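Just below is one structure, and these are the notes that go with it.
The values are calculated or read from the model by the stated rules, or taken from the named source; none is laboratory data. Note that the structure is predicted; figures quoted are calculated from it, not measured. Cβ sites come from the backbone with ideal geometry, for glycine too, and all protein chains shown count toward neighbours. All accessible areas refer to the heavy atoms of the entire protein, side chains included, with ligands and DNA or RNA removed. Shrake-Rupley method; radii C 1.70, N 1.55, O 1.52, S 1.80 Å.
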Amino acid sequence: MQNGKINNQTLYSRKKLIHLGILWATLIGVVALNMLLYLFDITAWLRYTVMFISLIGMVIVLIVEKTRIAYFDMEHRYHLLLSKQVGVTKTNCQFDSNWLRKLTELGFTLASSNPQFSVYYRLTKRLSKRTLMKSGLLEFVTIIHQNEFDFYHEKLDKVYQKVWEQNQKTSKLNKQISIQFKKYDQLSTEVIKDLTKIIAYKEGDNYLININCGFEPNGRKLYYLHAEHYAPNQYYQYTVDLIQQITT
């Protein structure tokens, strides 16, 4: 509880459980109804009509509730991450030409560069081998040169989309992570609030991760939303590990 109100983490957890309950209640109700139909002496056409309508209703509820549950689960995980976050950390990384050289040594290739931003990318294999389908992971490291340029600007999306389309078929992509860096004079409360606007989307074996990083050169400070012993999903943790790898 915070100031007498349920915090967001608890709120989304409860909503997720409520909609899971609705889903299970619907499934059990439909199964029970169709079993009861055979206990009563009713005409076959009426029995099949009721069965058909109930199954259609169950499919509709399944589609609607699955979307809601996924949303509430994502929000719950996000707010749990916020509650466990590390905060601002120290770094010796200079984010200079040597750092860019390190990116290329790690296999990143320059996709686009202009006065507003530079985008590097690389293609790697998926983390898990449990699924039969072979799929690839597209990784981006973006350096934003102008502070007023938004992390989710349409120009950036177009670059990401272009690289994705060029490699989607050959690499069978269904996962994308992006790490975006921006330099600040000071990592103020407002700046950090903006940096916490991450993406940690997961649906089945599809992932879309975006983590925003803020760097304060004078204090050698770095901020990105992460926790020591928690991540919303395995590819978010992979992205955090990659940030730590390229900033140390």
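Relative to the longest principal axis of the Cα atoms of the chain, the long axis of helix 44-84 makes an angle of roughly 30 degrees.
Between 30, 18, 93, the Cα set farthest toward the positive side of the dipole of the range 1-139 (charges on each charged residue's Cβ, about the Cα centre) is that of 93.
Protein heavy-atom accessible surface, 1.4 Å probe, per residue over the range 37-83: 70 Å².
Our helix-only sum for the chain, with -39,500 (n - 2.57) per DSSP H run of n ≥ 4 divided by its residues, gives a mean residue ellipticity at 222 nm of -16000 deg cm²/dmol. Phi-derived couplings, Karplus 6.51 cos²θ - 1.76 cosθ + 1.60 at θ = phi - 60°, listed residue by residue for the range 10-22: 5, 4, 6, 5, 5, 5, 4, 5, 4, 6, 5, x, 4 Hz, with x used for Gly and Pro. At most 16 other Cβ atoms within 10 Å and a DSSP loop assignment: could you name the trypsin sites (Lys or Arg not before Pro) in the range 149-188 that fit? Within the range 149-188, the qualifying trypsin sites (Lys or Arg not before Pro) (loop, at most 16 other Cβ atoms within 10 Å) are 172. Rolling a 1.4 Å probe over the protein heavy atoms of the range 198-239, with every protein chain left in place, gives an accessible area that is 48 percent carbon and sulfur. A straight Cα-to-Cα reach below 18 Å connects residue 182 with the aspartates and glutamates 96, 139, 148, 150, 154, 157, 190, 194, 216, residues fewer than 8 places away in its own chain not being considered.
Against the chain, whose longest principal axis comes from its Cα atoms, helix 154-171 is set at around 70 degrees.
Rolling a 1.4 Å probe over the protein heavy atoms leaves residue 220 with an accessible area of roughly 100 Å². For GluC sites (Glu not before Pro), the sites in the range 126-212 that DSSP calls loop and that have at most 12 other Cβ atoms within 10 Å are 148. Of the chymotrypsin sites (Phe, Trp or Tyr not before Pro) found in the range 180-248, those in coil by DSSP whose Cβ has at most 16 other Cβ atoms within 10 Å are 230. Among the listed pairs 162/183; 158/197; 125/197, those whose Cα-Cα separation exceeds 22 Å are 162/183; 125/197. Beta bridges from DSSP with both residues in the chain: antiparallel share about 60 percent, rounded to the nearest 5.
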